[in-house]
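A short write-up of the structure that comes next.
The values are calculated or read from the model by the stated rules, or taken from the named source; none is laboratory data. A quick note: this is a predicted structure, and the numbers were derived from the prediction, not measured. Remember, those area values only see protein heavy atoms, side chains included, never the ligands or the DNA or RNA. Shrake-Rupley method; radii C 1.70, N 1.55, O 1.52, S 1.80 Å.
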Amino acid sequence: MKNHVIKQIGIFVLAACALGAGHAAQAGTQHVSITTGALNGLGTYYVEFTLTDGSGLGNGNSFAGVSNFSINGGVLGAVLPPTLGDVSGALGGANTLGLTDTNAGTGGLADFAQGFTINSATGTITFDLTLAGAGVEPVTPDAFTFQLLDGSFTPIATSGPVGSELVASDFTSLTPTATGYHSDGVYEPSIVATLTPITAVPEPGAFASLTLGAFALSALLLCGRRRRMA
């Protein structure tokens, strides 16, 4: 089994900073594997990770971290600009991508997309997904989604709740977990997302002090720009 300790420490540090002090947060990690053989030789597609704040206030009570991202039988391409909201890090290799719902200017929306190509009939996309929540929105829950976009930036149709998510989670508890779905339509064989639990680790209620958390957060998070889909 791969050693995830170093990467998980990085994820939990980001989660602690994003969620702030005095919140009783929970974090769990799932391994995500997505079959992508149906995209073999079809040109550039895009992975898109989105975290939304149900309150629309950017109140910073949810976090999503993506680590150990790998394209097997394919190549990771360029980031699709601009990135929205509070997004830190990068995909691939030893990098960790973090999304938090703390940017009131974007209504708490954090969004990141990057291109890729598949050149194998047995290609897959894999990554580890860590979700952390410090509170539940009373009306509309915070949410995480992962989807694939085609070359025209149109989401691939799936069996997900909205019809475009391959991986999705509503933060309806302090222990949010994600669900995988499959493509629905023209792609053969189907593109299927499978999730396997790795860890379920309760985070202590007192992270760092709010001052230290804010300082670390300002050093780690990137200033997002709005993506314009032409």
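Values as computed for the structure displayed
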quantity	calculated
Candidate residues Ile191, Ile71: accessible-area rank, largest first, probe 1.4 Å	Ile71, Ile191
Heavy atoms of Thr196: accessible area, 1.4 Å probe, square angstrom to 10	70
Long-range HN-HN contacts of Gly160 with modeled amide H, under 5 Å	Glu165, His182
Relative contact order %, the stretch 49-134, counting alpha carbon pairs below 8 Å whose residues are six or more apart	45
Note, ³J(HN,Hα) from phi for the stretch 156-161, Karplus 6.51, -1.76, 1.60, rounded to Hz, x at Gly and Pro	5, 5, 9, 7, x, x
Overall form of the stretch 108-183 per C-alpha gyration tensor (a/c, 1.5; a/b vs b/c)	prolate
In order through the stretch 48-53: 3J(HN,Hα) via Karplus (6.51 cos²θ - 1.76 cosθ + 1.60), integer Hz, x for Gly, Pro	9, 10, 9, 10, 10, 9
Residues with amide H under 5 Å from that of Thr83, placed H, sequence gap 5 or more	Arg225
For the stretch 108-120, 3J(HN,Hα) per residue [Karplus equation, 6.51 cos²θ - 1.76 cosθ + 1.60, θ = phi - 60°, Hz, x = Gly/Pro]	x, 7, 10, 8, 9, 9, 8, x, 7, 10, 10, 10, 9
Cut-off under 5 Å, modelled amide H: who pairs with Ala27 long-range	Val201, Glu203
Solvent-accessible surface ranking, highest first, for Asp170, Asp150, Asp128 at 1.4 angstrom	Asp170, Asp150, Asp128
